[in-house]
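S.K.: This structure is in structure tokens; I'll ask about it shortly.
What follows draws every value from the coordinates through simple rules; no lab data is involved. The model shown is predicted, which means the values in this text are computed figures rather than measured ones. FYI the Cβ positions are ideal-geometry reconstructions off the backbone, even for glycines, and counts take in every protein chain you see.
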Amino acid sequence: MSRADRFGLSAALTMPFDAAMRIDVATAVKHAQHCLNSGCGSVTLFGTTGEGSSIGYEERDVVLKAFLDAGIKPAQIIVGVMANSYVDAALQSRTALDAGCRGVLLAPPSYFKNLNDDGLFDWFSSVFREIGASARGIIIYNIPSVTAVEISVDLVSRLREAFPAIIAGVKDSSGNWTYTQALLAKHKELAILIGDERTLAAGVRLGAQGAISGMANLYTGHLLPLVNDGRDSPAVVEAVEELLKFPVVPAVKAILAHHTGNDGWRRARAPLQALSDSDFNRLTGIFDRLFRAAAA
């Protein structure tokens, strides 16, 4: 596979809010443009880092329209979908795909527990039927720490067999290296994307096509060698280890606020909460030290 055919690096965009907790659309557009100009091949809206489960349908429509109006190409946009109702999941997906977006990052339903592969297969199948002729470019999102649902390797096989023109890839945010290896061994023809930057380089060496990464909001330049060449980065690994000691989404927003000087980035929509000042100072100090050392 040529480098041009690979998925590459997508920034799992974090979402800025104003003082009234409305989406700061202008800042979101500016940040996306920065990520793209820094080397990301695409941006992913409304994923976990982007608080997608807290963003309403009408808000999604406004943000997507603003991105397109600003000249961000549809082929540079992945849209995250997190819904329990397959009807809602299909509606959100169809809106993105009809706008020409590159694809959809589709999470399984998270309210229902103890699901088996048969139930999950039926749910995904129902989403695809509801989307209709627009269905394509679906990246199945495996993030069991959030959804409490694991997308098995066998389920990916069933979905690929039933919907070969629709399933484009899997984003693996399981943090389970044994699972990642099995997924790559079985489904290397798909765009397998690594969500845990600690194993990103190793995954690329085994055939992963890149990442949808929260860290790409912050350190695109440090991630590109991992994505493009499978080159290890001790600084990235240590940074993720430190980040995981805090609530992840507010932590990413805290570092972005620190780097941009825009304190508004610290805001997180309820039920998430911004980091305390003490945690903010501790975390940003750690990241300053790590990446100054990496640049030396």
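S.K.: Find, among the trypsin sites (Lys or Arg not before Pro) in region 73-116, those assigned to loop by DSSP (not H, G, I, E, B) with at most 15 other beta-carbon atoms within 10 angstrom. Working shown, then result.
M.R.: Working: sites: Arg94, Arg102, Lys113; in loops: Arg102, Lys113.
Passing sites in region 73-116 are Lys113.
S.K.: Can you pull the one-decimal nm distance between simple spin-label points at Leu272 and Asn114, each 7 Å off the Cα toward Cβ?
M.R.: The two pseudo-label positions are separated by 3.1 nm.
S.K.: Can you tell me how region 1-122 classifies by the Cα gyration tensor, rounded, prolate or oblate, using a/c under 1.5 as the rounded cut?
M.R.: Oblate.
S.K.: Right, something else. Just to confirm my numbers, what's the Cα centroid distance between region 108-156 and region 36-51 in Å?
M.R.: Cα centres, region 108-156 to region 36-51: 22 Å.
S.K.: Which of these, Gly71, Gly47, Gly230, has the largest mean-square fluctuation under a Gaussian network model of the chain (Cα springs below 10 Å)?
M.R.: Gly71
S.K.: Between Trp123, Ser213, Ala75, whose Cα lies farthest towards the positive end of the dipole of the chain when Lys and Arg beta carbons carry +1 and Asp and Glu beta carbons carry -1, centred on the Cα centre?
M.R.: Positive-end residue among those listed: Ala75.
S.K.: Same structure again: Relative to a virtual label point 7 Å from the Cα of Asp288 in the Cα→beta-carbon direction, which members of region 237-258 show backbone nitrogen distances below 16 Å?
M.R.: Backbone N within reach: 254-258.
S.K.: For the chain, with a Gaussian network of springs between Cα atoms less than 10 Å apart, report the residue from Pro225, Pro234, Pro250 with the top mean-square fluctuation.
M.R.: Pro234
S.K.: Using alpha-carbon pairs under 8 Å, 6+ residues apart, how would you state the relative contact order of the chain in percent?
M.R.: Relative contact order comes out at 18 percent.
S.K.: Take a quick pass over the chain and tell me how many lysine pairs come in under 28 angstrom between Cα atoms, counting only ones 8 or more apart or on separate chains.
M.R.: So the count works out to 18.
S.K.: Among Val248, Ala268, Asn228, whose Cα projects farthest towards the positive end of the dipole of the chain, with charges put on the beta-carbon of Lys, Arg (+1) and Asp, Glu (-1)?
M.R.: Going by the charge dipole, the pick is Asn228.
S.K.: Moving on. What is the dipole size for region 19-132, taken about its Cα centre, with +1 at each Lys and Arg Cβ and -1 at each Asp and Glu Cβ, in debye to the nearest 20?
M.R.: It works out to roughly 340 debye.
S.K.: Select one label from [x] 18.0, 53; [y] 19.2, 59; [z] 18.3, 62: the one whose number is Rg and Dmax of the Cα atoms in Å as derived from the coordinates shown.
M.R.: After the calculation, the listed value that fits is [x].
S.K.: Charges only on Cβ, +1 for Lys and Arg, -1 for Asp and Glu: so what's the dipole of the chain about the Cα centre, in debye to the nearest 20?
M.R.: Dipole magnitude for the chain comes out near 480 debye.
S.K.: Dipole magnitude of region 107-221 about its Cα centre, charges +1 at Lys/Arg Cβ and -1 at Asp/Glu Cβ only, in debye to the nearest 20?
M.R.: In total the dipole reaches around 240 debye.
S.K.: To continue, here is another question. Using a Gaussian network for the chain with springs between C-alpha atoms less than 10 Å apart, which of these wobbles most: Ala251, Ala165, Ala268?
M.R.: Judging by the Gaussian network model, the answer is Ala165.
S.K.: Name the residue farthest towards the positive end of the dipole of the chain from the options Ala107, Tyr57, Thr199, assuming +1 on Cβ of Lys and Arg, -1 on Cβ of Asp and Glu, about the Cα centre.
M.R.: Farthest towards the positive end: Thr199.
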